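Q: Okay, handing you the structure first.
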Ligand code: ADP
Ligand code: GLC
């Protein structure tokens, strides 16, 4: 089979832009596919502050009667993989990716529809010989619809097989239906089998209904989203399309997340030099202005790097409140999100300034130092499609305490003193009490250095690199191509 040509469309990708795991995934998957011999063009918006690259072309693009001047700038990613940044300052030269604070930009429907259109138009004009259009999350959800409508007669794009990846079903790209004409979408698409979702247009539903194959980012989440509890209203649709849905666990970028080479750590370490992890702990305590004397170094340190939202279990932590302070542990939290959770953690830090440190914001170097310097990493998510931080933690010898859901359940093995096997601590119930019990158990085992070291080493031996996942995607692409040939 000749090498597959893939047009990947994602609203964020490292190193250009990132607000969460999608950025990590879209930044790493193209290179992993290229290592298998695929040719990948990744389209990403050119947001504010992204410089460099080679200008390829510019052309006017008309969307819903509005003409935009769009440029395309190439950045090589790896041999066989490149990013093409879609440059349209009036849409993307803004302070943030999706909105300021907790308010989305009011024209996000237009911004991401136009971005998707630009990506497809670029492929259409440049003879990319695209075999696969692979769109990620709601921002790119219209790609399969546009391929099947606006490009239905294009000699190449019309033949492309369509793959859509759900990174988070809770973000559905819902907009009032009056947007349809402004996005060149016909009213015939506004039906239950099309884009309509409870009276609104859903970009996510577009991706789900018009693609040949659907993937999500862990096997467990692929099952969960077919249930009413986790389906966010999509469970029925997904059950009907279950034969084309698969879960593929994300990999991690093992070059970026490697304690042996991480430039953000004071001293490198690995499984053979695990004692050196202590200098990261000291550096972290100093960086967040917690005491770093021997007593503080001996006390277990719980790290968190997260969006502060209910998905991540912050309401469970909120209910625990000061009960957390009764534990013999210190806490470092980095993140931003809902004001109520920011306030709660800042209040905890004010109450126990020697044991709780909070940094509100996005800080890549500090995220690395937390992964290295903490003893435990807490992810009490209500749902977690995949989750990357627990995999980074495993690699850094930082023991995850997680709720058994989605990718957290698929990647962490609960410690069993009986068998001596395990890489972390898991709890099942979505209750503050279950969370507290798991933390207590972890802190108890922490006092047994040989058990703790065994958990650390088992975690560090796990392999969650991208290669296996990329092979899985390649299979999905082949299946999508077969499905495409059967489509009318
Ligand atoms: P999600 O995409 O749901 O937010 P993931 O675990 O998949 O969760 O990915 C989150 C990614 O974003 C990780 O790479 C994590 O380190 C990073 N991240 C999240 N919040 C911050 C922050 N405040 N500062 C730096 N990195 C962050
Ligand atoms: C989403 C999910 C997260 C996943 C990430 C990358 O943001 O919330 O669990 O790891 O996408 O797939």
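The values are calculated or read from the model by the stated rules, or taken from the named source; none is laboratory data. The structure presented is a predicted model; accordingly, all values stated were derived computationally and were not measured. Positions of Cβ are backbone-derived with ideal geometry, glycine not excepted, and every protein chain shown enters the neighbour counts.
Q: Suppose we filter the range 337-357 for residues that are part of a loop (DSSP other than H, G, I, E, B), crowded, with 20+ Cβ neighbours inside 10 Å and within 16 Å of ligand 1 (Cβ to nearest atom); how many remain?
A: Counting residues in the range 337-357 that are part of a loop (DSSP other than H, G, I, E, B), crowded, with 20+ Cβ neighbours inside 10 Å and within 16 Å of ligand 1 (Cβ to nearest atom) gives 0.
Q: Shifting gears a bit: From the set of residues in the range 13-30 that are more than 10 Å from ligand 1 (Cβ to nearest atom) and farther than 13 Å from residue 253 by Cα, which is surrounded by the fewest Cβ atoms within 10 Å (Cβ to Cβ)?
A: 16
Q: Here is a follow-up. If you take just the strands (runs of 3 or more DSSP E) that sit entirely in the range 1-120, which of them hold at least 1 residues that are in the same structural domain as residue 474 (by TED's automatic domain parsing) and over 23 Å from residue 166 (Cα atoms)? Working first, answer last.
A: On the way: elements: 5-9, 39-45, 54-63, 66-78, 81-87.
Result: 54-63, 66-78, 81-87.
Q: Looking at the range 217-232, which of the residues that are in a loop (DSSP other than H, G, I, E, B) and touching a residue at least 40 places away in the same chain (Cβ under 8 Å) is farthest from ligand 1 (Cβ to nearest atom)?
A: 231
Q: Let me ask another. Looking only at residues that are more than 9 Å from ligand 1 (Cβ to nearest atom) and part of a helix (DSSP H, G or I) in the range 358-391, which one is surrounded by the most Cβ atoms within 10 Å (Cβ to Cβ)?
A: Top of the filtered list is 372.
Yes or no, residue by residue, for (1) modelled with pLDDT of 95 or more; (2) in contact with a helix residue (DSSP H, G or I) (Cβ under 8 Å, 6 or more places away or on another chain); (3) more than 16 Å from ligand 2 (Cβ to nearest atom); (4) within 21 Å of residue 23 (Cα to Cα):
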position: 347; (1), (2), (3), (4): yes, no, yes, no
position: 357; (1), (2), (3), (4): yes, yes, yes, no
position: 363; (1), (2), (3), (4): yes, no, yes, yes
position: 369; (1), (2), (3), (4): yes, yes, yes, yes
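Q: Can I ask one more? Would a scan of the range 54-62 turn up a residue that is under 18 Å from residue 141 (Cα atoms), more than 17 Å from the chain's Cα centre (by Cα) and modelled with pLDDT of 95 or more?
A: From the range 54-62, those under 18 Å from residue 141 (Cα atoms) are none; that's our starting set.
No, because not a single residue in the range 54-62 is under 18 Å from residue 141 (Cα atoms), more than 17 Å from the chain's Cα centre (by Cα) and modelled with pLDDT of 95 or more.
Q: Related question: Could you figure out which of (1) at pLDDT 95 or above; (2) within 14 Å of ligand 1 (Cβ to nearest atom) isn't true of residue 256?
A: Just one mismatch for residue 256, condition (1).
Q: Go through the range 2-15 residue by residue and tally those that are closer than 17 Å to residue 52 by Cβ and within 16 Å of ligand 2 (Cβ to nearest atom). Break it down into steps so the answer makes sense when it comes.
A: Here is the first cut: in the range 2-15, the ones closer than 17 Å to residue 52 by Cβ are 13-15.
So of that shortlist, the ones also within 16 Å of ligand 2 (Cβ to nearest atom) come out as 13-14.
The total comes to 2.
Q: Has the range 135-155 got any residue that is under 21 Å from the mean Cα position of the chain (by Cα), surrounded by fewer than 23 Cβ atoms within 10 Å (Cβ to Cβ) and in the same structural domain as residue 44 (by TED's automatic domain parsing)?
A: No: zero hits.
Q: Then there is this: Every residue in the range 288-313 that is without any contact (Cβ under 8 Å) to a residue 60 or more places away in the chain and assigned to a helix (DSSP H, G or I), please. Working first, answer last.
A: We begin by selecting, within the range 288-313, every residue without any contact (Cβ under 8 Å) to a residue 60 or more places away in the chain; these are 292-299, 308-309.
294, 295, 296, 297, 298, listed by residue number.
Q: For the range 454-488, give me each residue that is crowded, with 18+ Cβ neighbours inside 10 Å and without any contact (Cβ under 8 Å) to a residue 60 or more places away in the chain.
A: Answer for the range 454-488, where residues must be crowded, with 18+ Cβ neighbours inside 10 Å and without any contact (Cβ under 8 Å) to a residue 60 or more places away in the chain: 455, 458.
Q: Another question, then. Would you point out which residue out of 56, 42, 77, 97 is in contact with a helix residue (DSSP H, G or I) (Cβ under 7 Å, 6 or more places away or on another chain) and farther than 22 Å from residue 146 by Cα? Walk me through how you get there before you give the answer.
A: Working: 56 fails: in contact with a helix residue (DSSP H, G or I) (Cβ under 7 Å, 6 or more places away or on another chain); 42 fails: farther than 22 Å from residue 146 by Cα; 97 fails: in contact with a helix residue (DSSP H, G or I) (Cβ under 7 Å, 6 or more places away or on another chain).
Unique residue meeting the criteria: 77.
Q: Also, I was wondering about something else. Suppose we filter 214, 204, 285, 274 for residues that are within 16 Å of ligand 2 (Cβ to nearest atom) and in a helix (DSSP H, G or I); which single one remains?
A: 204 is the lone residue from the list that is within 16 Å of ligand 2 (Cβ to nearest atom) and in a helix (DSSP H, G or I).
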